[in-house]
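Worksheet: one structure, shown below.
The values are calculated or read from the model by the stated rules, or taken from the named source; none is laboratory data. Note that the structure is predicted; figures quoted are calculated from it, not measured. So basically every Cβ, Gly included, is an ideal-geometry build from the backbone, and we count neighbours across all protein chains shown. For accessibility, only protein heavy atoms count, side chains too; no ligands or nucleic acids. Shrake-Rupley method; radii C 1.70, N 1.55, O 1.52, S 1.80 Å.
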Amino acid sequence: GAAGLVVGAAGGAGISAALPGEDTAGAGAGGAPALTTVGATSVMFHGKHQAGITTPLQSRGHLVAFDLAPGAGRKEAAALLRRWSVTAKALMSGKAPAEDTGVALDAGPSSLTVTFGFGRTFFDRTGLTSRRPAGLDPLPAFSSDALDPRRSEGDLWVQIGADDALVAFHALRAVQKDAGDAARVRWQMNGFNRSAGATAKPMTARNLMGQVDGTGNPKPTDPDFDRRIFVPAGGGGAPEWMAGGSYAVVRRIRMLLDDWEKLPLDRQEQVIGRRKSDGAPLTGGTETTELDLNKLGPDGKLVIPDNAHSRISAPEQNGGAAMLRRPFSFHDGIGPDGTPDAGLLFVCWQADPLRGFVPVQRKLDRGDALSTFIRHEASGLFAVPGGPAEGEYVGQRLLE
Ligand code: HEM
């Protein structure tokens with residue numbers, strides 16, 4: 001039967017897993033393997049919000065930043081966003097673009113999402129400085145930053161996610177081809193998550209340190225989810241073209257895995273304040289039990305230490321600051337120093353970076369037990385406009 005089928009486990013708005021003439025519940029029955037459903041799942045291009053924000057984590061991802069070419073301005077940028085939108089819409093529904101490379105020919109859309117954002121520098125290049133939102137003010141410097149400017153920021157940002165590596169690569173090449181003479185790749189990062197179907201039931205992902213990662217995320221069903229993650233329409237001083245949009249903070253965070261893996265399990269668990277096996281708080285219960293931040297152990301010390309990552313980052317400790325973390329892991333081989341060049345492509349989404357990422361990172365920067373084992377190597381902040389209405393291209397309300 002269809003037991004063990006894991007498709008679109010969470011926040012399924014705008015997601016369809018049915019082939020024409022096939023009912024979703026029946027996929028996997030009748031002898032069709034689960035993989036068919038993974039491939040057949042498609043995500044809507046049009047909508048209030050762009051795809052790829054509340055879409056369940058895909059198993060493959062590419063993050064790419066582009067700079068507009070010298071001489072390219074607002075007109076070229078608008079034409080580029082129009083081309084990109086046509087391509088993204090076709091690919092997300094499983095159609096091949098014109099003069100296709102054929103890389104994804106036999107696969108379905110595989111939950112492909114292509115998400116577009118604007119960096120701070122875009123607005124100067126296009127003569128739109130007066131319309132740059134305050135949300136794109138540069139992030140403050142943090143004491144633990146070791147940022148490489150060549151792998152940071154950029155005029156334009158594209159996030160590609162899919163449950164198949166060839167589908168993701170296919171979309172990446174199409175997006176790069178569309179850039180044509182208008183924009184050049186500034187940096188590219190490649191990531192992955194657990195494959196759909198790898199676990200017997202839908203489960204929170206693990207990162208490359210082995211921790212269950214994503215438990216504390218706000219859920220689309222929370223009453224304040226929209227307010228925290230998406231820019232409201234008509235209000236709050238936010239520009240109208242950002243209505244339904246969100247701000248993405250991107251950090252390439254290297255994990256110092258050789259050091260981390262030498263740490264005994266109990267010490268690893270104190271760094272986070274949660275059990276490694278199932279992600280439950282050290283104060284007991286299951287993965288979804290609240291942390292008991294005041295509980296003392298038999299030795300009179302806090303069970304969840306003062307510097308535990310999940311204590312410091314908890315919204316209650318940060319005036320309610322909340323973000324939606326939607327990362328990919330990365331592994332780019334062994335670095336010149338002989339250690340793995342691996343870690344987290346941390347992507348978090350919020351209605352206002354000053355009420356999401358910034359206050360939390362400020363506190364983490366001052367004394368997170370995890371900081372000994374990680375290094376922030378690149379950073380980007382992007383304004384991701386709302387989803388395009390039928391007949392519209394992404395960013396049209398800014399660019400036309
Ligand atoms: C929670 C790992 C970086 C913000 C967690 C948890 C883990 C974790 C294992 C507990 C499970 C969960 O609630 O998801 C990591 C690793 C990082 C990293 C390995 C770097 C490689 C960051 C950064 C931020 C951040 C840079 C933001 C500035 C949070 C938040 C929570 C959290 C907000 C949820 C707290 C709650 O709701 O109680 N992280 N994290 N993390 N982390 Fe991180």
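Points worth noting:
- Separation in nanometres of the label points that stand 7 Å from Cα toward Cβ, at Thr101 and Ser143: 4.5
- For segment 330-347, backbone phi angles converted through the Karplus equation (6.51, -1.76, 1.60; θ = phi - 60°) give residue-by-residue couplings of 9, 8, 10, x, 9, x, x, 8, x, 9, x, 8, 9, x, 10, 7, 6, 10 Hz, Gly and Pro being listed as x.
- For the chain, accessible area per residue (1.4 Å probe, heavy atoms of protein chains only), Å²: 45
- GNM on the chain, alpha-carbon springs under 10 angstrom: the most fluctuating residue among Thr41, Thr288, Thr113 is Thr288.
- Shape parameters for the chain, alpha-carbon atoms, Rg then Dmax in Å: 21.1, 68
- Accessible surface of the chain [probe 1.4 Å, protein heavy atoms]: carbon and sulfur percent: 54
- Straight-line cross-link reach from Lys48 at under 16 Å between alpha-carbon atoms covers these lysines, not counting any fewer than eight positions away in the same chain: Lys89.
- Anisotropy class of segment 248-383 from Cα gyration tensor, a/c 1.5 cut: oblate
- Between Ala79 and Ala233, the distance separating the two model label sites (each 7 Å from Cα on the Cα→Cβ line) works out to 3.2 nm.
- At the residue level, Glu240 shows approximately 110 square angstrom of accessible surface with a 1.4 angstrom probe and all protein chains present.
- The packing ranking of peptides 362-371, 91-100, 138-147, 158-167, highest mean first, is 158-167, 362-371, 91-100, 138-147, where packing means the average number of other beta carbon atoms within 10 angstrom of each residue.
- Helical contribution to [θ] at 222 nm, DSSP H n ≥ 4, -39,500 (n - 2.57), averaged over the chain, rounded to 500: -6000 deg cm²/dmol
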